[in-house]
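Worksheet for the structure shown next.
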Amino acid sequence: MRRFLESLKMLVFGRPIATGREQRMALRTRLALPVFGASLLSTVAYAPDAVLDALRKGGQGTALPWMAAGVCAIMILLGFAYRSNVRKHPDERGDYGTVQDQLGPTAGMVTGAALLVDYIFTVAVSVAAIAQFAEFVLPVLEGYHTGIALAAIVIMTLANLRGIRERARVMLAVWFGFLLVIGALALVGALQGDLAGTATVKADATWSAAFSFAGAIASGAVMLTGIEHLASSAPYHAEPRAKRAGRTLILAVLAGAAAFLAASLLVWKYRVSGWQQGPVLLQAAERMFDHPAALWAVAVPTIAILYAAASAVFRRFSGLTSLLARDAYLPRQLSQQSDRLVFRGGVIWVSSASALLVIGTGARLEQLVHMYLIGAFAAIVLSQVAMVRFQRRRIALELRGRGRLRMQGTRVLHAAAATVGAGVWIVVAVFNFSAGAWLALLLVLLLVFLMRGIRQHYAHVREQLAIETDDPASARPSATHGIVLVAQLHRPALRAIAYAKAARHSSLEAVGVQIDRNATVELQRRWGELDLGVPLVILDSPYRDLVTPVLDHVRSIHRVSPRDMVVVYVPEYIVGRWWERFLHNRASMRLRERLLTIPRVVVAAVPWHLESALGTVESEALTRELPRVELREAGQDG
């Protein structure tokens with residue numbers, strides 16, 4: 001069974017990869033764009049839906065082009081601000097590192113928690129969009145919305161656990177393929193006649209319209225949720241890394257803004273109201289061509305870019321959790337790579353959390369988008385505030401000259417980005433609170449409290465484990481007492497006794513617990529016949545408990561000699577078949593766990609391999625000698 005499981009593991013996850021074979025990418029801008037820009041560009045698939053949904057609720061659907069233009073302006077502003085981020089902090093820590101360095105560990109912890117929530121929602125939103133596009137082109141899949149989204153998560157999880165990375169040239173085809181589709185749609189739409197003119201109605205300037213416009217722009221800001229991934233990509237660029245990463249970021253933002261504006265204009269021109277089910281991008285394409293092949297030509301590249309974006313988030317999430325784990329904000333196991341050089345803990349975390357979100361919301365894209373922006377814009381605002389402080393410190397060191405003026409201009413840019421980001425965050429938190437934003441806020445708060453508790457725990461452990469001057473931990477025990485647990489007299493017990501004798505303890509005894517009087521008498525008889533040179537102590541257990549009498553006996557030794565060390569030898573069977581594990585060693589496992597809670601007690605598990613764990617020849621070679629030596633010694637003593 002073990003060999004079968006190992007073969008299955010290798011089939012699913014692949015062969016182990018040596019640490020020395022790990023190679024970090026050094027991409028030029030042409031290849032870095034699709035690899036790190038997929039998350040930002042993929043939002044074009046559902047951002048027009050979010051804007052139209054906010055406008056429709058306020059009866060302002062005809063204002064879609066103006067709202068799209070406002071979203072693009074925000075994208076460009078934050079794009080140039082983040083280019084400055086990348087050039088000043090060209091490392092993989094992204095917003096988390098920037099905020100932690102400039103604003104301190106507490107703000108860094110909040111940023112890390114916000115980004116983790118953002119990544120979880122990115123995966124959930126992306127797979128929900130995949131399901132929506134798949135259902136639209138394949139009506140036979142209607143009713144399986146949640147199942148399609150979960151299947152996409154499973155595929156991404158297996159691929160990322162195996163360490164499969166999309167090749168840069170494949171990503172190049174996916175990224176530019178999607179841009180080509182949007183460009184072709186925009187060109188065809190421009191060549192066709194004006195269809196929206198007759199439907200255009202001037203919106204009244206009311207508070208309702210103002211709220212609708214604010215909500216639309218805030219919803220459209222979902223286009224910026226992938227910008228942090230770009231901001232942390234500098235280490236994977238070719239030299240000069242900072243300059244190339246900044247160029248990649250600004251090109252990705254401009255391409256995303258252009259694609260989003262084109263898609264929004266198409267939706268507006270072809271009078272897609274958003275009341276019908278399905279992605280508005282496909283609805284516009286259907287009205288343009290009215291042919292299934294055209295829908296497939298749009299849906300396939302869109303699904304591909306959505307998959308690429310969600311898969312990239314898996315890697316970014318696991319990378320961020322490893323950084324947080326190294327800084328003692330998350331369990332340290334998350335910082336350990338698997339034999340495939342993958343942070344499997346982070347992959348499992350993001351897949352499980354996103355799957356729960358998909359199940360809880362029924363993979364409804366319109367509901368997930370409302371929850372989406374809280375984490376992303378919390379990190380954006382904090383990173384821009386951090387950059388304002390960073391520039392202020394640099395300006396203080398620059399007394400005069402063009403450099404000072406340039407720094408002041410950059411500080412104004414970051415201050416404007418922070419203000420706009422804060423405005424978007426407030427609008428989303430207020431207007432979408434009841435629609436699901438409360439859940440994202442709650443998740444961020446829970447993660448912050450969890451991370452604070454974990455950090456405090458590690459700090460307390462580090463304090464307790466620190467070596468002091470003349471540390472008593474290095475003092476030798478005044479004596480060591482060996483105890484061999486004997487449930488019955490067999491070969492594993494003889495081996496445990498042999499090991500205990502070799503350790504030359506100050507005292508050595510075998511201990512058995514009386515559950516059945518007849519079995520105890522038989523044990524004493526056999527013990528006397530073999531004459532093993534070790535006294536046998538029988539502990540009475542009137543309530544048939546194997547654990548408590550042994551614990552009391554060990555404590556009694558410490559009561560007499562508090563500084564002494566007690567070493568307990570526990571004979572155990574090692575089995576080879578999975579089902580045999582449920583038939584052996586259950587009581588000894590419980591006893592070992594309880595003994596480990598007692599100070600100054602060492603528990604030594606003495607293994608005995610059964611034939612199912614070893615080949616017959618190996619078993620005889622490894623286990624035949626020691627019992628014979630024990631028996632021969634017993635005969636000589638007699």
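The values are calculated or read from the model by the stated rules, or taken from the named source; none is laboratory data. No experiment lies behind these values; they were computed from the predicted model shown. Heads up, the Cβs are rebuilt from the backbone with ideal geometry, glycines too, and the neighbour counts pull from every protein chain shown. The area values use the complete protein model at the heavy-atom level, side chains included, leaving out ligands, DNA and RNA. Shrake-Rupley method; radii C 1.70, N 1.55, O 1.52, S 1.80 Å.
Odds and ends about this structure:
- Of G453, G436, all but one fail to be exposed (fewer than 12 other Cβ atoms within 10 Å of the Cβ), out of contact with any Asp or Glu (no Cβ under 6 Å at 6 or more places or on another chain) and not hydrophobic (A, V, I, L, M, F, W, C); the exception is G453.
- Enumeration of residues in the range 132-153 that are in contact (Cβ under 8 Å) with a residue 24 or more places away in the chain and more than 23 Å from H291 (Cβ to Cβ): H145, T146, I148, A149, L150, A152, I153
- Test: residue in the range 482-500 that is over 48 Å from the mean Cα position of the chain (by Cα) and within 28 Å of P599 (Cβ to Cβ): no
- Selection count where residues are part of a loop (DSSP other than H, G, I, E, B) and touching a residue at least 60 places away in the same chain (Cβ under 8 Å), scope the range 328-344: 9
A quick yes/no check of all residues on (1) of a type in the set (A, V, I, L, M, F, W, C); (2) touching a Phe, Trp or Tyr at 6+ places or on another chain (Cβ under 6 Å):
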| residue | (1), (2) |
| --- | --- |
| G409 | no, no |
| V424 | yes, yes |
| V428 | yes, no |
| V461 | yes, no |
| A487 | yes, no |
| R491 | no, no |
| A500 | yes, yes |
| E509 | no, no |
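- Counting only residues that are open to solvent by 20 Å² or more (accessible area, probe 1.4 Å) and aromatic (F, W, Y), the range 290-332 holds 2 of them.
- Test: residue in the range 557-576 that is in contact with a strand residue (DSSP E or B) (Cβ under 6 Å, 6 or more places away or on another chain), farther than 19 Å from Y499 by Cα and assigned to a helix (DSSP H, G or I): yes
- Of the criteria (1) under 30 Å from L150 (Cβ atoms); (2) without any contact (Cβ under 8 Å) to a residue 12 or more places away in the chain, which one R393 fails: (1)
- Complete set of residues in the range 24-62 that are open to solvent by less than 10 Å² (accessible area, probe 1.4 Å) and over 32 Å from the mean Cα position of the chain (by Cα): L52, L55
- Top-ranked residue of the range 518-537 - restricted to ones that are open to solvent by less than 50 Å² (accessible area, probe 1.4 Å) and touching a helix residue (DSSP H, G or I) at 6+ places or on another chain (Cβ under 9 Å), ranked as farthest from P477 (Cα to Cα): L530
- Subset of the range 468-484 [aliphatic (A, V, I, L, M) and surrounded by 11 or more Cβ atoms within 10 Å (Cβ to Cβ)]: A479, I483, V484
- Selection status of V629, over 38 Å from the mean Cα position of the chain (by Cα), farther than 24 Å from H481 by Cβ and either at pLDDT below 85 or among the charged types (D, E, K, R) (or both): no
- Unmet criterion (only one of (1) of a type in the set (A, V, I, L, M); (2) under 20 Å from F133 (Cβ atoms); (3) touching a helix residue (DSSP H, G or I) at 6+ places or on another chain (Cβ under 9 Å)) for I374: (2)
- Close Cβ contacts (under 6 Å, 6 or more residues apart or on different chains) running from residues in the range 406-417 that are farther than 11 Å from R389 by Cα to residues that are β-branched (V, I, T) comprise M407/I395.
- Any hit, the range 571-584, residues being at pLDDT 90 or above and open to solvent by 40 Å² or more (accessible area, probe 1.4 Å): no
- Residue satisfying all of: in the range 501-556; of a type in the set (D, E) and within 19 Å of R600 (Cβ to Cβ); modelled with the lowest pLDDT among these: D552
- Hits in the range 121-154 - residues which are among the hydrophobic types (A, V, I, L, M, F, W, C), over 14 Å from I303 (Cα atoms) and surrounded by fewer than 24 Cβ atoms within 10 Å (Cβ to Cβ): V140, L141, L150, V154
- Note on the range 333-367: residues that are surrounded by 17 or more Cβ atoms within 10 Å (Cβ to Cβ) and closer than 13 Å to I153 by Cβ amount to 10.
- Verdict on T98 being open to solvent by less than 50 Å² (accessible area, probe 1.4 Å), in contact (Cβ under 8 Å) with a residue 40 or more places away in the chain and closer than 30 Å to S212 by Cα: no
A quick yes/no check of all residues on (1) crowded, with 17+ Cβ neighbours inside 10 Å; (2) closer than 17 Å to P571 by Cβ; (3) small (G, A, S):
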{"site": "A466", "(1), (2), (3)": "no, no, yes"}
{"site": "V486", "(1), (2), (3)": "yes, yes, no"}
{"site": "A493", "(1), (2), (3)": "yes, yes, yes"}
{"site": "I497", "(1), (2), (3)": "yes, yes, no"}
{"site": "D516", "(1), (2), (3)": "no, no, no"}
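- V412 over 30 Å from V537 (Cα atoms) and β-branched (V, I, T): yes
- All positions within the range 393-414 that are open to solvent by less than 40 Å² (accessible area, probe 1.4 Å) and of a type in the set (A, V, I, L, M): I395, M407
- Considering residues of the range 187-199 that are assigned to a helix (DSSP H, G or I) and either modelled with pLDDT under 90 or in contact with a strand residue (DSSP E or B) (Cβ under 8 Å, 6 or more places away or on another chain) (or both) only, the residue surrounded by the most Cβ atoms within 10 Å (Cβ to Cβ): G189
- The range 86-95, subset touching a Gly at 6+ places or on another chain (Cβ under 8 Å) and crowded, with 22+ Cβ neighbours inside 10 Å, residue nearest to G246 (Cα to Cα): V86
- Contacts under 7 angstrom Cβ, first residue in the range 213-237 being within 12 Å of G256 (Cα to Cα), partner of a type in the set (S, T, N, Q) and surrounded by 24 or more Cβ atoms within 10 Å (Cβ to Cβ), 6 or more apart: V222/T43; M223/T43; T225/T43; T225/T122; G226/S39; G226/T43
- Looking across the range 155-176, the residues that are open to solvent by 50 Å² or more (accessible area, probe 1.4 Å), within 24 Å of F121 (Cβ to Cβ) and not charged (D, E, K, R) come down to I155, L158, I164.
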